[in-house]
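A.B. asks: Quick one: structure below, then a few questions.
The values are calculated or read from the model by the stated rules, or taken from the named source; none is laboratory data. A quick note: this is a predicted structure, and the numbers were derived from the prediction, not measured. Every residue, glycine as well, gets a Cβ built from its backbone with ideal geometry; the counts of neighbours run over all protein chains shown.
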Amino acid sequence: MSSTEPMSSTERPGDAESTDLPAGVAPSVLELFGNTPLVRLGRLSEEEGLAATLAMKMETTNPGGSTKDRPALQMILDAEAAGELVPGGTIVEPTSGNTGVGLAIVAAQRGYDCIFVMTDKVAPEKVDLLRAYGAEVVVCPVAVAPEDPESYYSVAERLVEETPNAYRPNQYANPSNPAAHTASTGPELWAQTEGRITHFVAGAGTCGTITGVATYLKAQNPEIQIIAADPEGSVFSGGSGRPYLVEGVGEDFFPDAWNTDLYDGIIAVSDADSFSMARRVARTEGILVGGSGGMAVAAALRVAAAAGPDDLVVVLNPDSGRGYLSKVFNDDWMANFGFTTSSGPTLADAIERSGGPRDLLYVNPEQPVREAIDVMRTNGISQLPVCKNTPPFAAAEVMGSVDELVLMRAAADDRATLDLPVESVLGPSLPTIGIGQEVNLAIEQLRTATALLVLGGGRPCCILTRSDVLEFLEFGDDLGGDRHVD
């Protein structure tokens, strides 16, 4: 059977024979993939004053909690049919989590082992979740190029070569990925809306969902508008592939399913807007969506705002916010990354009063030590963050820091140190603080730290030292009263 013709449940080889079950009892959890509900986002629509109808496709009701269950099943069934995955084999896949969960569920039902490769950007809950299904998880750094041996793509390829009877679904290039959505998600939307859908908005990552759905919907009505939501910084909306924190969407390359002939628009959404919208949807609609879901809703609201009363805008929610409780829905995490603002006088207030934002001074890990010393001497500072790539940086691209005292001691012991790369004398990263956090918190942190790395919108934006705070405190009345630094 071809990849564009998904196997029905009765055609799956190897399933245990069903007993005479009541009509309401599914033979296995695999029968529960798909047929997810569609719900109107009425309260958001009212708040935004929308004329159009805005509805959400709730992929969270899939057994694995995400839209990735659909392609996970289809890829495995097609691999079995093609003889690429044999009994007792091992599924190896790089994933941000959701595809891995879907694959793990299918593997449990069909008797395969799983090894999943993830980046350190992924929430720890997702790692724990995959391990709960019995999978092995390998975590790799996110701030490396795809061709780097440590990238999660490269590590996955190595594991495939090293593991007997390994099969890599390769969701980025596997035609079964979009085919699953052409065969199921698209027809469901058409039937649920009685053919009245006028716009479809979804995040783009592997592009399986948006391309698969678009293929079906455009065949029914070429006038339906297909809109890709994309994180700011992703290549799909013109970026380089970095830096952004939203998980599971955006890319630094164009996957095989990317098809601009089917898309009518691409909307870039910032991390800040994605995360704030996720929190707003939870509190307004009672629907817990993740960062990528918040991104999709933010884009859909822009689309719906320009639509008319006869339009029906459908946004696909790919997964639940339960996988992001330690990040998007954690107040401390949001504050430390500079996504929220405290009620009291903040670092943003202080920085603005003392002359406004300044450029982030940094060095790359491959620069010689003498260049780091020159930067510190020229700018009268004693610490520098060491960052991969070029600005703007993601917080994950900060490798550590260098300190003038450490460099002085190293150079005194051996003058050749001056010509070594900075990474050879790398120290720990500076403590971080969000730009919207209170000045008092910075004062407390600077009791033990000599400098702080200030984050705004998830990105490093400047270094804060004790002398900076003393300068800020010249505006004591405006910053909330008298303070002192020990």
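A.B. asks: Specify the residue that is surrounded by the most Cβ atoms within 10 Å (Cβ to Cβ); the eligible residues are those in segment 328-353 that are within 13 Å of VAL439 (Cα to Cα) and free of Cβ contacts under 8 Å to residues at least 60 places away in the same chain.
C.D. replies: GLU352
A.B. asks: Considering segment 368-391 alone, what residues qualify as being surrounded by 19 or more Cβ atoms within 10 Å (Cβ to Cβ) and either touching a Gly at 6+ places or on another chain (Cβ under 8 Å) or acidic (Asp, Glu) (or both)?
C.D. replies: PRO385, VAL386
A.B. asks: Tally the residues that are crowded, with 16+ Cβ neighbours inside 10 Å, over 29 Å from MET56 (Cβ atoms) and either of a type in the set (D, E, K, R) or under 21 Å from the mean Cα position of the chain (by Cα) (or both), restricting the search to segment 159-186.
C.D. replies: 2
A.B. asks: State the number of residues belonging to segment 371-399 that are under 18 Å from THR450 (Cβ atoms), part of a helix (DSSP H, G or I) and without any contact (Cβ under 8 Å) to a residue 12 or more places away in the chain.
C.D. replies: 1
A.B. asks: Could you give me the residue pairs with C-beta distances under 7 Å whose first residue belongs to segment 45-68 and is touching a residue at least 24 places away in the same chain (Cβ under 8 Å) and of a type in the set (Lys, Arg), whose second residue is buried (at least 19 other Cβ atoms within 10 Å of the Cβ) and in a strand (DSSP E or B) wherever it lies, and which are 6+ apart or on separate chains?
C.D. replies: Here the result reads LYS57/VAL314; LYS57/LEU316; LYS57/ASN317, each pair linking segment 45-68 to a residue that is buried (at least 19 other Cβ atoms within 10 Å of the Cβ) and in a strand (DSSP E or B).
A.B. asks: Of a type in the set (D, E, K, R) and either within 30 Å of PHE472 (Cβ to Cβ) or part of a strand (DSSP E or B) (or both): is that true of ASP349 in this structure?
C.D. replies: When the stated conditions are applied, ASP349 passes them.
A.B. asks: Applying the selection to segment 443-472, what residues are surrounded by fewer than 22 Cβ atoms within 10 Å (Cβ to Cβ), touching a helix residue (DSSP H, G or I) at 6+ places or on another chain (Cβ under 8 Å) and in a helix (DSSP H, G or I)?
C.D. replies: Scanning segment 443-472 gives ILE443, VAL469.
A.B. asks: While we're looking at this one, here's another question. Based on what the data block shows, is ALA229 outside the structural domain of CYS387 (by TED's automatic domain parsing), within 20 Å of LEU41 (Cα to Cα) and not in a strand (DSSP E or B)?
C.D. replies: Here the answer is no, as ALA229 does not meet what is asked.
A.B. asks: Which condition breaks for PHE116 when tested against (1) surrounded by fewer than 23 Cβ atoms within 10 Å (Cβ to Cβ); (2) part of a strand (DSSP E or B)?
C.D. replies: (1)
A.B. asks: If ALA156 passes every condition in (1) buried (at least 17 other Cβ atoms within 10 Å of the Cβ); (2) at pLDDT 95 or above; (3) of a type in the set (Gly, Ala, Ser) but one, which one does it miss?
C.D. replies: (2)
A.B. asks: Which of the numbered conditions does TYR324 fail, given that it passes all the others? Conditions: (1) touching a Leu at 6+ places or on another chain (Cβ under 7 Å); (2) over 22 Å from GLU471 (Cα atoms).
C.D. replies: It fails just one condition, (1).
A.B. asks: Of all residues in segment 244-272, which are assigned to a helix (DSSP H, G or I) and buried (at least 21 other Cβ atoms within 10 Å of the Cβ)?
C.D. replies: Matches in segment 244-272: ASP271 only.
A.B. asks: Now for a separate question. Would you mind finding the one in ARG358, ARG409, ARG353 that is modelled with pLDDT under 90 and in contact with a Cys (Cβ under 7 Å, 6 or more places away or on another chain)?
C.D. replies: Just a single option satisfies the conditions, and that option is ARG358.
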